[in-house]
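Written out below as structure tokens is the structure these notes cover.
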Amino acid sequence: MAATALARRGAGIAAALVRRGRGMCSASATAPAAALSSEELIRMERDCSAHKYVAFLRASLVSSLLPPYHPIPMVFSQGEGAHIVDPEGNKYIDFLSAYSAVNQGHCHPKVLRALIEQAQRLTLSSRAFYNDKFPIFAEYLTSMFGYEMMLPMNTGAEGVETAIKLARKWGYEKKKIPKNEALLVSCCGCFHGRTLGVISMSCDNDATRGFGPLVPGHLKVDFGDIDGLRKIFREHGDQICGFLFEPIQGEAGVVIPPDGYLKAVRDLCSKHNVLMIADEIQTGIARTGKMLACDWEGVRPDMVILGKALGAGVVPVSAVLADKEVMLCIRPGEHGSTFGGNPLASAVAVASLKIVRDEGLVESPEELAEASKALSDVLEHDLPQMQKQVKKSKSEAEKPVCDRCGRDLYV
Ligand SMILES: Cc1ncc(COP(=O)(O)O)c(C=O)c1O
């Protein structure tokens with residue numbers, strides 16, 4: 001089991017440099033992808049599609065080696081477990097795992113089986129009706145994570161939007177915050193997605209510039225700064241409905257908070273009657289060696305947002321978990337999504353979660369040790385070069401400042 005499960009755990013990027021090339025937008029739409037080289041495919045995508053969001057990687061070590069705003073020049077054409085193959089047949093270990101969306105490994109056979117079986121029966125009912133797969137997903141997810149209820153969405157950003165709306169609604173209904181005065185606290189350097197409501201919390205100037213006006217009602221605090229959070233809660237606590245945070249910041253460069261931070265956040269949120277909202281879209285579902293990163297400090301948030309690996313990289317599935325006290329503040333007709341809880345996504349999500357449980361993807365220290373060793377071998381080889389690049393990009397003179405809160409950016 002160890003080898004298979006390890007092989008299924010992804011992580012990293014090996015950048016392949018491609019060789020041949022010809023001009024592309026004119027290529028036949030019916031040409032099989034395998035007939036095109038990596039370089040041809042990259043050129044075709046650059047010519048015909050909007051820029052991807054690889055600025056997302058900017059803060060990480062790997063990204064410092066990349067030209068900004070373009071994907072790593074490497075084409076995935078097949079995936080199995082932790083491995084991917086490019087059109088030229090080169091094989092790589094995928095250490096990035098689609099930012100944690102394929103924690104179960106690429107194209108896991110059990111997920112594919114669930115997908116195909118369900119696709120042949122029923123794919124969508126809309127939420128105007130019941131379907132026979134969503135209740136099973138809802139029951140499985142809530143019991144696995146120990147919450148009374150869940151609300152299904154599709155992308156991670158939609159899950160975050162849902163959590164923000166829920167927090168505001170709870171703030172007005174339960175905490176009795178005066179109408180339209182609710183505030184949400186989030187962390188500098190956070191990444192929660194790309195919708196307008198979500199970028200309104202962002203400290204990434206590229207994500208916000210040119211998209212204003214942003215949605216008001218947000219306060220910022222440094223990630224890991226419990227004194228800062230205490231001060232904000234003391235000064236604005238009556239108006240604050242929630243504290244939204246990533247237990248480990250992903251985009252900011254995999255920033256792990258100081259020991260005891262999660263517990264201290266829990267205590268402060270309880271003291272000030274503020275919802276503790278953990279965005280575990282990237283850190284959840286076995287990514288850090290526990291089901292949730294919050295489990296490392298034995299902390300139970302009031303709301304947990306999951307996405308990415310919930311669909312095992314096959315379909316987008318996200319969900320917000322909360323107890324009835326919070327969840328039932330949203331009533332029928334107040335929020336939803338045509339595709340949220342669809343039978344196809346529900347079947348895939350149950351299969352994805354079962355893999356995590358059945359293949360013991362959490363709490364298997366030997367495998368983690370083996371994986372860390374593999375990673376440190378890679379870093380030992382590449383790190384010195386990467387560090388030189390990071391130093392160059394971090395010179396004091398060029399240190400950028402966040403448009404939103406005026407603080408130093410985390411790049
Ligand atoms: C912590 C976190 N929250 C939210 C999101 C947004 O998820 P999606 O891209 O599915 O909208 C991401 C995506 O990378 C993320 O890492």
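Read-outs: derived from the displayed coordinates by stated rules, not from any lab. This one's a predicted model, so the numbers in the text were calculated from it and none came from an experiment. FYI the Cβ positions are ideal-geometry reconstructions off the backbone, even for glycines, and counts take in every protein chain you see.
The range 260-313 and the range 321-336 have Cα centres lying 19 Å from one another. Ranked for footprinting exposure by Cβ neighbours inside 10 Å, fewest first, E366, E158, E251 give E366, E158, E251. This ranking places L361, L124 by how few other beta-carbon atoms lie within 10 Å of each, fewest first, which gives L124, L361. For the range 109-358, what does the alpha-carbon gyration tensor say about shape, rounded, prolate or oblate, given a ≥ b ≥ c as the root eigenvalues, a/c under 1.5 as rounded, and a/b over b/c as prolate? Taking the square roots of the gyration eigenvalues as a ≥ b ≥ c, the range 109-358 is prolate. Among the listed pairs K263/K324; K91/K354; K133/K324; K110/K263, which are separated by more than 32 Å between their Cα atoms? Over 32 Å Cα-Cα: K110/K263.
When each of K91, K308 is scored by the number of other beta-carbon atoms lying within 10 Å, the sequence from fewest to most is K91, K308.
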